[in-house]
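The values are calculated or read from the model by the stated rules, or taken from the named source; none is laboratory data. What you are looking at is a predicted structure, and each value in this text was computed from that prediction instead of being measured. With ideal geometry, Cβ positions are generated from the backbone for all residues, glycine too; neighbour counts draw on all protein chains shown.
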Amino acid sequence: MKTYVTIIFSSEGAKPSEVKNRLLELGLKAVRGSYDFVYEWDKEPDIDTLLWFADKIQEALKGTDVMFSLETV
């Protein structure tokens, strides 16, 4: 199972390279295509684990003035 992350940057926010570094620290990988980052799960996560991970991403991006969306498939 994979969680895909899409980022929307603001011209008033953090540099894309800084955002990338913060997400890489969480174990995400930068990708090209429809999504910006992906996290590959070792085993299928439950809803609480997915929400925990979303919370971690939000904490990592706090103060960067970016928006993000997640899709887990």
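One table, with the values for the structure above:
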quantity	calculated
Tabulated pairs, the range 57-69, first on the phi < 0 side of the Ramachandran plot and touching a residue at least 12 places away in the same chain (Cβ under 8 Å), second in a helix (DSSP H, G or I) and buried (at least 17 other Cβ atoms within 10 Å of the Cβ), C-beta under 7 angstrom, 6+ apart or interchain	60/22; 60/23; 61/19; 61/22; 64/19; 66/19; 68/57; 68/61
Qualifying position, being over 14 Å from residue 62 (Cα atoms) and either among the aliphatic types (A, V, I, L, M) or part of a loop (DSSP other than H, G, I, E, B) (or both), among 48, 42	42
Filter result for residue 49 (within 11 Å of residue 1 (Cβ to Cβ), at pLDDT 95 or above, of a type in the set (Val, Ile, Thr) and under 12 Å from the mean Cα position of the chain (by Cα))	no
Residues being free of Cβ contacts under 8 Å to residues at least 40 places away in the same chain, in a helix (DSSP H, G or I) and not polar (S, T, N, Q) - total across the range 7-31	4
